[in-house]
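This report concerns only the one structure given below.
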Amino acid sequence: MNHDFSKLPEIFERYPDTPASLIAVLQDIQKEYHFLPCHALEETARHLDVPLSKVFSVSTFYNAFSLNPKGEKVIRICIGTTCHIRGAMQIQQQLENLLEIKAGETTEDLKFTLEVVACVGACAMAPVVAVNEDFHGGITVANAKRLVKTKKKTKKGKA
Amino acid sequence: MVTLTVNGRVVQAQEGEMLLEVIRREGIDIPALCHHEAVEPFGACRLCMVEITKEAWDGWTNHVTSCLYPVEQDLIVSTHTPKVNELRKSVLDLQLARCPNSPEIRKLAAEYGVNETSFESKPDADNCILCGLCTRICDKMGFNAISTVGRGHGKEIAPPMHEAPPDCVGCLSCALNCPTNVIEYSDVNGKRTIWGKQFELIKCSECGKTTITREFAQALSDRKGIPIEYFEKCDHCHRKELSLTMGQVAGWSKEVQS
Amino acid sequence: MRVEKTSQLAKLQKTFLEKMNKHDRTVLICCGPGCLANGAQKISDEFHKVLKKKKIKGFSIEALKETGCHGFCEQGPLVIIEPDGIFYTRVKVKDVEEIIDTSIKKKEVVERLLYTDQATDKTYETYSEIPFYKLQHRVALRNIGKIRQCDIEEYIAVGGYQGMAKALTKMKPMEVIDEVTTSGLRGRGGGGFPAGRKWATCAKIDDEPRYVICNGDEGDPGAFMDRAIMEGDPHSVLEGMIIAAYAVGAQDGYIYVREEYPLAVVNIQKAIEQATELGLLGENILGTGFNLNLHVSRGGGAFVCGESSALMRSVAGEVGEPRAKYIRSVQKGVFDKPTVLNNVESYANVPVIIEKGGKWFATLGTPKSTGTKAFSLVGKVRNTGLIEVPMGTTLRQIIYDIGGGVIDNKPLKAVQTGGPSGGCLPEDKLDLSVDFDTLTKAGSMMGSGGMIVMDERTCVVDVAKYFLKFLNDESCGKCVPCREGLYQLHALAVAISEGRATEEDLDKMEKLSDNIVIGSLCGLGKSGPNPFLSTIQYFRDEYLAHIKDKKCPAGVCRELITYKVDAEKCDGCMACIAACAQKCITGKKGEPHVINQERCDKCGACYAVCNKRDAIEVA
Amino acid sequence: MKSRLVVTPIQCTGCRTCELACAFAHSVDGKPGKSRIYPLPGGMKDLYTPVVCLQCDDPACMKSCLVDALSLNEETGAIDLNEEKCVQCQACVAACPFGCSLHDQKNANVVKCDLCGGDPVCAFFCPTKALEFKPVTPTKRKRAV
């Protein structure tokens, strides 16, 4: 896959050129490309003067990073304790069935990524599902279906 | 100097020394799989755990990894209490579940009475116990070619992107210090292969014996200013050369004398 | 503009306070995480839209405020009309115009949006009368929900940065530490270590530079107190950090914020900029010659980074693997330099302690656990939300008096405190006082303050399994007992939940747990078996039911339950048929449905959608 | 003034007593170890040179060691190898221009002359004084790099 890496220098600009900036730089790259392309990791290693192996180690240690491309819409099902006891498992299964992927996977058309997240801190509204940065509380098996459907529609509508 | 007691023996130690050093100096055998003097103590394998207490602690005891615990005045250390042995046994039981086929782990576990793990064995087991010695030694040598990848139970040791590591020079330090000998390499026909990367071994310009890899020699030359020619001969031919040079000087003086 | 002197700060406060009270009506729209998830942003947008069209005397758009979490998330989105404190709940976009016309124009009340207590059927006009609020005592959360979120002007207006001014200009560093020691403040992140002692140790170490760090990596699932503070009142955290930095002699500090809290990252960053602009951060603060720079460090999503040594490695851009703490982090912390690390709530308490005095703080709570503590009260409790109560309040008071009891008045089975590393306490422990030592003694812990209420439909084996999975996923993998031990412990918990385990397995788990507790390197591992240990302590029977009778009494563990349609109760609405992903429910409209047990994967979707709730039975 | 191992090749008869002494002095598990000293032909008839570490002033072995396993023992003047620290990379074996860091294949480790901790047995047992441990003026010392 080809990517436009012209954004990288701009990302590097934002932080001091020290190894301590590694995580921040990777986070910005993740935000920009929705994953960490190999080339970007190599550039980061060179720029911050951090061994490539350390960059790889850090990018596989933290949940925030993904080495595989993610979908345009990242659906994150909160499986925090409260969501869990209020039925997040069922929501997860429902969404997995609807999108025909498992949690952690991305649809073939790169439109949706389904993820589980440990807790988004909106426990009072459990169970919670986040679509990109939008949080939706009080999700049930029935309205989870609607959520994905509307999301799919708006996607189609825009395209 | 610090005075402490190890298994009832009063011993002296330097300030800042770790308990493990003192214990081993006393000739007491305790296992430690993630420890190597070349690198900082790590505290991952938990086998070097000992019980510590002090008279002033009123019977309170603590279990610490001796590789990481600095000596303290009046410390009372016990290396083989029933609880310590149980801890080691438990750790070895768990390690055996991870690496059921490792002869090294099997042997050590058997010493603590574990012949088969009481847990479910890892189905796709390799013999890596994730002690991290390989990566830490690699880092210490300044090559940083490999690292831990991922975390938790799925953690592994791998080169970046799981591809041939660009920074590896084939020095073999990772493989030779692996406590379970899990890192594969081969030296065939003047070529060394490790981590999926191939290296040319230097052939002695005199006898043709292979020595270290060219990349390693180049790195040593670049970083330490050692003339690259030094690496062209094997140690044996170097000795022969020295013998002849000295012999020449000696022979010359012999002639002068006579 | 820069504030150069304390007197200037006092003047500013007056100006800002006048500005804040300029309008005779103020509308506060709660934009905390809970309300946002229920559409608070749309409410706020609607208010702006409608108010742009209408001109109301003595009111302008400036008097509309988006605030941090007001606390009563269950009833959100919340809108509060000040100064009377009129409290509107479950506000919808279509209600906005009516609120404006009635409450702002006519200064009357929209009755139907007021809160009615389900238990007593009593309706309340203002929030301060509601039991949920009435029984709380807010110190750390003092400003949240009352001022515009992340607004330095309003923070100063309500007395912000006065504690800092007092510390920097009237107190010596040692006096600041003494004050904090007197207050008895203990770490709110879960450890409960006395903050004053930590600061004193750090101040004494002869090494430079020193650092202050704020742990905002609130990783406990089920907890969102720190999130609410960082989003709603970030300046209180900054002020606390400045005071700490002054006390220990640090010139640099880091605030480590979870990236899962994007708004917290933004607001903390914004707050730092606002404070720096006013000269309350940066060089020569208040003309005292004291300098402090604060930086935001975003966490990468690793629970273990809540552990201080892992957090410090993460701040340095490394993998978050903890180090053994025989050499303490106050001595060798971030970048191997002396470091004071406290959590968000701890810092938020500090300005008040300095302002009102440590003695005042120590009058709150119990002698050994002073002050108040914020909790996120969630789970199967009626009034979910963010609360703050004096230490020593009993669990029963929190759950029943503030929380309004269990949903649908079901019996309470357990309350889980302390996050994954904490434990579950049964009904008969509800009269325990909530403080550090009592909870630990009972086999749970204070933790960062998640409080999750569980009813009879919660299976403790499932809860233990859930937490063990979480901890197993989040283990950094460095040391063997945690990496391998929690993995095996989880595997055994799964075996129990699937009816494959024996009683010997329980013994094995207890023994293994003991060894993990002693043998692990960091706090994550050392407390890792707690979810199992506390549940087996109080709910052994339920474990045995899974093992011996192959039954899950709570009807949760899939392998041990069956879903059945009660033909008499089923009215054939077909809702379950539509919800079933396995397509294993058959039946015609108006006729009782049947579940094909062979194909049923027990996902529970049918149970969840059944209109006549009890037409589908779990056994 | 520090003592040094002084080699006088003319005196050497190639009897290999030094080699034997060294192997015994450095025994491993009760078995003779790898000798650190080798009397080799000096290029002329009946001329032998006992080749042994020169304990250079600026030693290539020490420079090549990336884990600081080699260090100067101030007391003995020897470049000592800390076997506990050594990672077997054999950089020193390859780097020494005199071939005096050795790889012991049998025990899979690296060895080098440690002057027997200040009293080298090779010199003690040398019947012809081809090897002597005695004080020398520093100017005669060799440099490797």
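All of the numbers you see were taken from the coordinates with simple rules; none came from a lab. Here the structure is a predicted model, which means the values were calculated and not measured. All Cβ positions, glycine included, derive from the backbone under ideal geometry; neighbour counts span all protein chains shown.
Other residues whose C-beta falls under 14 angstrom from the C-beta of C:Leu430 contribute a net charge of -2, scoring Lys and Arg +1 and Asp and Glu -1. I'd like the antiparallel share, as a percent to the nearest 5, of DSSP beta bridges with both residues in chain C. Within chain C, antiparallel bridges account for around 60 percent of the total. When the protein assembly as shown is described by a simple charge dipole with +1 on each Lys and Arg Cβ and -1 on each Asp and Glu Cβ, the residue from C:Gly32, C:Leu114, B:Gly43 located farthest towards its positive end is C:Leu114.
Each residue of the stretch B:53-70 is assigned a 3J(HN,Hα), and the resulting list reads 7, 9, 4, 6, 7, 6, x, 6, 10, 9, 10, 9, 7, 5, 5, 10, 9, x Hz, derived from the Karplus form 6.51 cos²θ - 1.76 cosθ + 1.60 (θ = phi - 60°), x at Gly and Pro.
In terms of overall dimensions, the C-alpha atoms belonging to chain B reach 80, 54, 31 Å along their principal axes, ordered largest to smallest. Shape summary of the stretch A:13-115, radius of gyration then Dmax from alpha carbon positions: 16.3, 47 Å. With only alpha-carbon pairs counted, each pair once and no self-pairs, how large is the Kirkwood hydrodynamic radius of the protein assembly as shown in angstroms? That comes to 33.6 Å for the protein assembly as shown.
So if R0 is 22 Å, what FRET efficiency would C:Met1 and C:Asp45 give, r being the distance between their Cβ atoms, rounded to the nearest 0.05? Step by step, r from the Cβ atoms, then E = 0.10.
At full extension, B:Asn181 and B:Lys89 could sit 31.0 nm farther apart than now, given 0.36 nm per residue minus the alpha carbon distance. Report the paramagnetic label zone for C:Asp101: residues of the stretch C:49-80 whose backbone N is under 17 Å from a point 7 Å from Cα along the Cα-to-Cβ axis. Under 17 Å, as judged by backbone N against the label point of C:Asp101, lie C:49-57 of the stretch C:49-80. Pick from A:Ile11, A:Ile79, A:Ile139 the residue whose mean-square fluctuation is largest in a GNM of chain A, springs joining Cα atoms under 10 Å. Among A:Ile11, A:Ile79, A:Ile139, the largest GNM mean-square fluctuation belongs to A:Ile11.
Here the dipole of chain B is about 520 debye; that uses its Cα centre as origin and unit charges on the Cβ of Lys and Arg (positive) and Asp and Glu (negative). Under the simplified labelling scheme, the C:Ala491-C:Arg328 pair shows an inter-label distance of 3.9 nm, with each label point 7 Å from Cα along Cα→Cβ. By the equivalent-ellipsoid construction on the alpha carbon gyration tensor, chain C comes out with semi-axes of 43, 35, 20 Å, ordered largest to smallest. In this Cβ point-charge picture (+1 for Lys and Arg, -1 for Asp and Glu), the protein assembly as shown has a dipole of about 1560 debye about its Cα centre. Packing-based ranking of D:58-70, B:109-121 yields D:58-70, B:109-121, ordered from highest to lowest mean Cβ neighbour count within 10 Å.
The phi-based Karplus calculation (6.51 cos²θ - 1.76 cosθ + 1.60; θ = phi - 60°) puts the 3J(HN,Hα) values of the stretch C:218-225 at 5, x, 4, x, x, 10, 8, 5 Hz, whole numbers, x for Gly and Pro.
Once the C-beta distance of A:Arg14 and D:Cys15 is scaled by a Förster radius of 51 Å, the resulting FRET efficiency is 0.10 to the nearest 0.05. From the residues C:Ser183, C:Thr15, C:Val480, which one has its Cα farthest along the dipole of the protein assembly as shown in the positive direction, the dipole being from +1 and -1 charges on Cβ of Lys/Arg and Asp/Glu about the Cα centre? Positive-end residue among those listed: C:Thr15.
Computed over the Cα atoms of the stretch C:155-199, pair by distinct pair, the Kirkwood hydrodynamic radius stands at 11.6 angstrom. In units of the compact-protein estimate 2.2 N^0.38 Å, the stretch B:82-129 shows a Cα radius of gyration of 1.04. Sorting the Cα pairs of the stretch A:73-158 by distance into bins of 10 Å, from 0 upward, gives 20, 57, 22, 2 percent per bin.
Working from label points 7 Å from Cα in the Cα-to-Cβ sense, the B:Gln248 to C:Lys368 distance is 8.4 nm. Running Debye on the stretch C:372-455 with equal point scatterers at the Cα sites and no solvent, what base-10 log of I(q)/I(0) appears at q = 0.15, 0.21 Å⁻¹? So the normalised log intensities are -0.42, -0.87. A Gaussian network model of chain B, with springs between Cα atoms under 10 Å, assigns the largest mean-square fluctuation among B:Thr53, B:Thr245, B:Thr65 to B:Thr245.
Note on D:Lys31: lysines with a C-alpha under 28 Å away, same-chain residues under 8 apart excluded, are B:Lys107, B:Lys209, B:Lys240, D:Lys85, D:Lys106, D:Lys112, D:Lys129.
Considering the stretch B:43-148 at the alpha-carbon level, its Rg and Dmax are found to be 16.7, 49 Å. With a cut-off of 10 Å between beta carbons, the residues surrounding B:Cys237 carry a summed charge of 0, where Lys and Arg count +1 and Asp and Glu -1.
The alpha-carbon atoms of the stretch B:151-208 define a convex hull whose volume equals 104 cubic angstrom per residue. Counts of other chain beta carbons within 10 angstrom of each beta carbon in peptide A:84-97 average 5. In whole percents, the pair-distance distribution calculated for the stretch C:196-345 from its alpha-carbon pairs, binned every 5 Å from zero, is 2, 11, 20, 22, 21, 15, 7, 2, 0. Per residue of peptide C:67-74, the mean number of Cβ atoms on other chains within 10 Å of the residue Cβ is 2. Starting from the 7 Å offset along Cα-to-Cβ, what nm value, one decimal, do you get for the label separation of C:Phe335 and C:Asp514? That separation, rounded to one decimal, is 4.6 nm. Principal-axis analysis of the Cα atoms of chain A puts helix A:38-48 at an angle of about 50° to the longest axis. Taking one quarter of the surface of the convex hull spanned by the alpha-carbon atoms of the stretch C:54-171 gives a direction-averaged projected area of 9.1 nm². Kirkwood hydrodynamic radius computed over the stretch C:485-619 comes to 16.9 Å, based on all pairs of distinct alpha carbons. If you take every DSSP beta bridge whose two residues both sit in chain A, what share of them, in percent to the nearest 5, is antiparallel? That works out to approximately 55 percent antiparallel. Phi angles of the stretch C:41-55 translate, via the Karplus equation with coefficients 6.51, -1.76, 1.60 and θ = phi - 60°, into HN-Hα couplings of 4, 5, 4, 4, 4, 5, 4, 4, 4, 5, 5, 5, 7, 9, 10 Hz per residue; Gly and Pro are given as x. The residues packed around C:Gly187, meaning those with a beta-carbon under 12 Å from its beta-carbon, carry a net charge of +4 if Lys and Arg are +1 and Asp and Glu are -1. A Förster radius of 45 Å, combined with the Cβ-Cβ distance separating C:Ala567 from C:Val93, puts the computed FRET efficiency at roughly 0.60. Per residue, the average separation of C-alpha pairs within less than 8 Å and at least 6 apart gives the stretch B:125-192 a relative contact order of 32 percent. For the pairs C:Lys122/C:Lys356; C:Lys14/C:Lys270; C:Lys122/C:Lys373; C:Lys19/C:Lys107; C:Lys380/C:Lys548, flag any whose C-alpha to C-alpha distance is greater than 30 Å. Correct reply: C:Lys122/C:Lys356. Compared with the dominant principal axis of the Cα atoms in chain A, helix A:52-61 is inclined by about 20°. Taking amide H as placed 1.01 Å from N in the peptide plane, the amide H of A:Leu67 sits under 5 Å from that of A:Leu36, each at least 5 places away or on another chain.
The equivalent ellipsoid of the stretch D:3-137 has semi-axes of 24, 16, 15 Å, largest first, where each one is the square root of 5 times an eigenvalue of the Cα gyration tensor.
Here the extension length gained between C:Lys14 and C:Leu135 equals 40.5 nm, from 0.36 nm per residue of separation less the Cα-Cα distance.
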